[in-house]
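A short worksheet on the structure shown next.
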Amino acid sequence: MKYCLDCDWSETTANEPSQQDRSQAAIEHHVETGHTIDSRESEIPPLTPDIAGDVFVRDLVPSSD
């Protein structure tokens, strides 16, 4: 699966069986939009936690206190 990190664009083996064609479509989407493309073996893109960004970062970065 190829998917966009900035919008809902994606290409899967279900709608495009050729790996080369999925890669070409991903490149074209990036060139047209400037969006970031990611790839994974799964047919489902990863989900981002539905929390505020500052809370998420605070929980990941060790406290300097």
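Taken together, the values in this text are just the output of simple stated rules run on the coordinates, not laboratory data. Note that the structure is a prediction, hence the values are computed from the model and not measured.
Quick one: 3J(HN,Hα) in Hz for segment 7-16, Karplus 6.51/-1.76/1.60 with θ = phi - 60°, rounded, Gly and Pro as x.
8, 8, 5, 7, 10, 10, 5, 5, 9, 8
Determine the gain in length on full extension of the stretch Val31-Cys7; use 0.36 nm per residue of separation and subtract their C-alpha separation, reporting nm with one decimal.
Working: separation 24, 0.36 × 24 = 8.64 nm, distance 1.42 nm.
Here the answer is 7.2 nm.
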